[in-house]
Amino acid sequence: MAWTKQILRVNLTNGDVSVEPLNMGWAQEYLGQRGLATRYFVAEVDPTVDALGPDNKLIMATGPLTGTMASTGGRYSVITKSPLTGTIACSNSGGFIGAALKNAGWDMIIFEGKAPSPVYLYVEDDKVEILPADDLWGKSVWEADELIHKKHQDPQIRISCVGRAAESGCLFSAIVNDLHRAAGRSGVGTVMASKNLKAVAVRGTKGVGNIKDPIRFMREVTAQKKVLADNAVTGQGLPTYGTQVLMNVINEMGALPTRNMREVKFEGAHSVSGEAMHEKRKTDGKPNLTRNAGCFGCTIACGRISTVDQGHFSVANKPEYWGNSGGLEYEAAWALGPDTGVDDLDALTYVNFLCNEDGFDPISYGSTVAAAMELYDMGVITKEDTGGIELTFGSAEALVKVTELTAKGEGFGKILGLGSKRMCEKYGHPELSMTVKGQEFPAYDPRGIQGMGLTYATSNRGACHLRSYTVASEVLGIPVKTDPLETDGKPELVIAFQDATAAVDSSGLCLFTTFAWSLENIAPQIDAACEGDWSVEKCAEVGARIWNLERDFNMRAGLTGADDTLPKRLLKDAANVGPAQGKVAGLDLMLPKYYELRGWTTDGQLTDETRSRYRLPA
Amino acid sequence: MLMKSLYINPEKCTGCLQCEMACSFENEGVFNPARSRIKVFTFHDAGRFVPYTCTQCDEAWCMKACPVEAIVLNAATGSKDIINDRCVGCKVCTIACPFGTVNYNSASGKVIKCDLCGGNPQCAQACPTGAITYIDADATGLERMRLWATKTDTAHHAAA
């Protein structure tokens, strides 16, 4: 079993809360979390729905291994239609709330409608209440978290919450849980706030049981924990440096997008790298990094716990930011750093704190600031637009100032909250937006890592590294080394990664296990826990089914194959230095083959044959 | 036979709660941190995670306070164990324990506390970082001594 087989439906418009049995037929076809919630979403929501209207729904879903002892088994996902991209949104988070939800007895919560005034949902096992949140509205995630804990007199409550960014309509707002973990991408927080839902607070005491074969499950879990511990990436690299282990590596490859992707190498990369986070500061003798931390059940523990130098200009008179909190991870460090040209580690750490405190995606945000800096550089926007801020590439002061505005949805921060695509269109330069389907790029230049170009172009939620992380193969040689500058074989690679990732994202486990694990390691854990037969082949098939279902939703929402593209800068302007010098992203060499292998038409539409092969809804 | 005791080094703890799951699975048959005998505390501002559980006091106040002799010494491990059949759920032991490591379980109407899993504590087995170990009870300072010994030794070499 492992599923609790119960879901909660919360109608925010009329305040109804109902309990439904989990559709076990769907669970066998879509596993859980990302896949299963998408199946529910597709069945219930018109793809053309206004993402910020009351008819959009928002699902918080766990996987069957969430809350179990399987390493990293604490994940949950938020599924909705994205206001940023108009596609399906599915954002995954660790921390502890996923396990809490499962411990309270719920596989997922489906939110529908819109509350007439601000509310939060309180879940204490079977007791579920929609409570007023007028006093929480207008507060940051960190403030609201403290107030909810105080109100219920219970430090063991786990909380997912939106901040002032979401309340003010920032289109890339996140849902932050446990203070500094986040369902970060695609504006899922914006949808939550549009429903007047400030937070979800969960206390679960029931436990997760009903494991199909407990003895086999514990044997698998113990063996697979050892695989993670013995692997150089998951056993050493990630605990020591976090995902920031990549900053110097990717820079050396000439694949570190710099200054809004105008360049592919950043001269200040070392200052904001994982290695730099270990170096003692001259001022107080402490390193930026205090220690690593694990999410629920995670034996890798890549999380960063960091401080900002108390004397740094960003926090000099703000003792509330002197303590430890979630530190820089690679994607955030890149977007806020190299992409804006800022090499000030303390500034980036503080800005990352603010992204967590008020809930907005540091990838989309940093990338949008980078585009604004380029517009400023070109003279398209001036101090008049920014409210007096000199928004030059490399200015830590400017970055800090506009972040404080974005967190509260004030001044020029309101413009940045539109995201890069809408902002660049507003100023008449859509070509400067480094986005696919309206979502900003993460930290890998597809000119230097060709598979990532196809990954970004075909991702079902707009530009994203977490839909098929071919960096693993093209850079790290996992599971096999492929040439990052080569396009041949990449369609096959991307499809294999997309399908496996969709399965992992539906299990309750963290994608980062796949530096050491393949489906060969994961399927036996699912099979020992869950009823049904969960072979490697079945998991891969479930992954492919999920991918096609998401694609189907997007096509019905009005997207076409023409949206599977990259910004001209990456297709036309060759990399200027490094191993990829002279290269553009060879998307045209990969996309037709990708469509063919997917069983789609030459313009990227699903065929009836593909639909019936995966038994997708008509 | 050597007596062993749990030895907890918070410096190594990442806060993953594998110990809490192992404990609840061993004792309750489900993964349930809310029913774990060991708890990991997060000190957010300080950036520290600290596991905490029963130290198995020699003069165990919980045992002395129990009016029905439901808490007994396990001579093999030194743990103080709850005899469920005797426990009446009066909770006096939860008050007597200065450390808070005996707690009431409303689901069973009995108290729960660490019993070292009869000599094979599952929290220590599950801990991925060695923050929780089960070692010679008379030499729990050994690791720290070793650390200082290294430093002393280094100083000696540096001076030479």
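The values are calculated or read from the model by the stated rules, or taken from the named source; none is laboratory data. If you're wondering where the values come from, they're calculated on a predicted model, not measured in any experiment. Here the Cβ is made from the backbone with ideal geometry for all residues, glycine too, and neighbour counts use every protein chain on show. Side chains are part of the model used for accessible areas, which takes the heavy atoms of the whole protein and leaves out ligands, DNA and RNA. Shrake-Rupley method; radii C 1.70, N 1.55, O 1.52, S 1.80 Å.
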Which numbered condition in (1) in a helix (DSSP H, G or I); (2) assigned by TED's automatic domain parsing to the domain that holds A:Ala371; (3) within 27 Å of B:Lys12 (Cα to Cα); (4) not acidic (Asp, Glu) is the only one that A:Gly274 fails? (1)
List, please: which pairs have Cβ atoms under 6 Å, are six or more places apart or on different chains, and start with a residue in segment B:73-86 that is at positive phi and end with one that is open to solvent by 30 Å² or more (accessible area, probe 1.4 Å)? B:Gly78/B:Met3
Does A:Lys206 meet the test of being away from every other protein chain (no Cβ under 14 Å) and not aliphatic (A, V, I, L, M)? no
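A:Lys114 - would you say it is over 26 Å from A:Tyr321 (Cβ atoms), open to solvent by less than 10 Å² (accessible area, probe 1.4 Å) and either of a type in the set (Lys, Arg) or modelled with pLDDT under 95 (or both)? Can you show your working first?
Working: over 26 Å from A:Tyr321 (Cβ atoms): yes; open to solvent by less than 10 Å² (accessible area, probe 1.4 Å): no; either of a type in the set (Lys, Arg) or modelled with pLDDT under 95 (or both): yes.
The answer is no for A:Lys114.
If I ask for residues that are within 18 Å of A:Asp499 (Cα to Cα) and touching a Leu at 6+ places or on another chain (Cβ under 6 Å), which ones from segment A:576-593 would you list?
Step one: filter segment A:576-593 for residues within 18 Å of A:Asp499 (Cα to Cα), giving A:590-591, A:593.
If the condition is that a residue be within 18 Å of A:Asp499 (Cα to Cα) and touching a Leu at 6+ places or on another chain (Cβ under 6 Å), then A:Met590 is the only one that fits.
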If you take the residues in segment A:423-466 that are surrounded by fewer than 24 Cβ atoms within 10 Å (Cβ to Cβ) and acidic (Asp, Glu), which one is nearest to A:Asp563 (Cα to Cα)? A:Glu431
Do the conditions hold for A:Arg304, that is, is it surrounded by fewer than 24 Cβ atoms within 10 Å (Cβ to Cβ) and either part of a strand (DSSP E or B) or at the interface with another protein chain (Cβ under 9 Å from one of its Cβ atoms) (or both)? no
Hey, any hits in segment A:517-529 for a residue that's in a helix (DSSP H, G or I), assigned by TED's automatic domain parsing to the domain that holds A:Thr458 and open to solvent by 40 Å² or more (accessible area, probe 1.4 Å)? no
Residue count, segment A:177-190, condition farther than 18 Å from A:Leu466 by Cα and either assigned to a strand (DSSP E or B) or in the same structural domain as A:Asp361 (by TED's automatic domain parsing) (or both), comes to 1
For segment B:48-60, enumerate the residues that are within 14 Å of another protein chain (Cβ to nearest Cβ) and buried (at least 22 other Cβ atoms within 10 Å of the Cβ). B:Phe49, B:Pro51
If we only count helices (runs of 4 or more DSSP H) wholly inside segment A:76-167, which ones have 2 or more residues that are closer than 30 Å to A:Leu466 by Cβ and β-branched (Val, Ile, Thr)? A:141-152
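Would you confirm whether or not segment A:157-169 contains a residue that is within 14 Å of another protein chain (Cβ to nearest Cβ), at pLDDT 95 or above and open to solvent by 10 Å² or more (accessible area, probe 1.4 Å)?
Keep residues of segment A:157-169 that are within 14 Å of another protein chain (Cβ to nearest Cβ), which gives A:157-159.
Applying the additional criterion that residues be at pLDDT 95 or above yields A:157-159.
If we keep only those that are open to solvent by 10 Å² or more (accessible area, probe 1.4 Å) as well, we get A:158.
Yes, segment A:157-169 has at least one match.
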Among the residues of segment A:317-340, what is the count of those that are open to solvent by less than 10 Å² (accessible area, probe 1.4 Å) and either assigned to a loop (DSSP other than H, G, I, E, B) or within 14 Å of another protein chain (Cβ to nearest Cβ) (or both)? 8
Apart from one, (1) open to solvent by less than 10 Å² (accessible area, probe 1.4 Å); (2) in contact with an Asp or Glu (Cβ under 9 Å, 6 or more places away or on another chain); (3) within 17 Å of A:Glu275 (Cα to Cα) all hold for A:Gly254; the odd one out is (3)
Residue hits (segment B:103-155; within 14 Å of chain A (Cβ to nearest Cβ) and open to solvent by 40 Å² or more (accessible area, probe 1.4 Å)) are B:Asn103, B:Tyr104, B:Ser106, B:Ala107, B:Ser108, B:Asn120, B:Gln122, B:Gln125, B:Pro128, B:Thr129
Does A:Ser314 fit the bill of being part of a helix (DSSP H, G or I), touching a residue at least 24 places away in the same chain (Cβ under 8 Å) and of a type in the set (Ser, Thr, Tyr)? no
Give the residue that is nearest to B:His44 (Cα to Cα), with candidates limited to residues of segment A:262-301 that are hydroxyl-bearing (Ser, Thr, Tyr) and either more than 8 Å from every other protein chain (Cβ to nearest Cβ) or surrounded by fewer than 24 Cβ atoms within 10 Å (Cβ to Cβ) (or both). A:Thr290
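Here is a yes/no grid of residues against (1) within 30 Å of A:Pro579 (Cα to Cα); (2) in a loop (DSSP other than H, G, I, E, B); (3) open to solvent by less than 40 Å² (accessible area, probe 1.4 Å); (4) more than 11 Å from every other protein chain (Cβ to nearest Cβ):
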position: A:Met192; (1), (2), (3), (4): no, no, yes, yes
position: A:Thr240; (1), (2), (3), (4): yes, no, no, yes
position: A:Thr243; (1), (2), (3), (4): yes, no, yes, yes
position: A:Leu246; (1), (2), (3), (4): yes, no, yes, yes
position: A:Val249; (1), (2), (3), (4): yes, no, no, yes
For segment A:369-395, give me the residue count where each residue is closer than 24 Å to A:Ser271 by Cβ and either charged (D, E, K, R) or open to solvent by less than 10 Å² (accessible area, probe 1.4 Å) (or both). 9
Of (1) within 12 Å of another protein chain (Cβ to nearest Cβ); (2) at pLDDT below 95; (3) open to solvent by less than 40 Å² (accessible area, probe 1.4 Å), A:His180 fails just (2)
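Please determine, by comparing only the residues of segment B:14-47 that are under 12 Å from A:Gly209 (Cβ atoms) and open to solvent by 10 Å² or more (accessible area, probe 1.4 Å), which one is nearest to the other protein chains (Cβ to nearest Cβ). Show your work before the answer.
The initial filter retains those residues of segment B:14-47 that are under 12 Å from A:Gly209 (Cβ atoms), namely B:21, B:24-25, B:28-32, B:35.
Still in the running and open to solvent by 10 Å² or more (accessible area, probe 1.4 Å): B:25, B:28-30, B:35.
On the way: B:Phe25: 6, B:Glu28: 6, B:Gly29: 6, B:Val30: 3, B:Arg35: 6 Å.
If we take residues in segment B:14-47 being under 12 Å from A:Gly209 (Cβ atoms) and open to solvent by 10 Å² or more (accessible area, probe 1.4 Å), then B:Val30 is nearest to the other protein chains (Cβ to nearest Cβ).
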Cβ pairs under 8 Å, 6+ apart, first in segment B:119-130 and touching a residue at least 12 places away in the same chain (Cβ under 8 Å), second open to solvent by 50 Å² or more (accessible area, probe 1.4 Å) and in a helix (DSSP H, G or I): B:Gln122/B:Glu26; B:Pro128/A:Ala229; B:Thr129/B:Lys12; B:Gly130/B:Lys12
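Considering only residues that are in a loop (DSSP other than H, G, I, E, B) and surrounded by fewer than 24 Cβ atoms within 10 Å (Cβ to Cβ), which ones fall in segment A:488-509?
First pass over segment A:488-509, keeping only residues in a loop (DSSP other than H, G, I, E, B): A:488-489, A:505-509.
Residues satisfying the conditions are A:Asp488, A:Gly489.
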Residue, nearest to A:Ser71 (Cα to Cα), within segment A:220-233, restricted to residues that are exposed (fewer than 15 other Cβ atoms within 10 Å of the Cβ) and away from chain B (no Cβ under 13 Å): A:Ala223
Sole miss for A:Gly558 among (1) outside any loop (DSSP other than H, G, I, E, B); (2) open to solvent by 50 Å² or more (accessible area, probe 1.4 Å) is condition (1)
Expected single match for touching a residue at least 12 places away in the same chain (Cβ under 8 Å) and either in a helix (DSSP H, G or I) or not basic (Lys, Arg) (or both) among A:Gly428, A:Gly477 is A:Gly428
Of all residues in segment A:72-88 being under 28 Å from A:Glu124 (Cβ atoms) and open to solvent by less than 10 Å² (accessible area, probe 1.4 Å), which is farthest from the other protein chains (Cβ to nearest Cβ)? A:Thr80
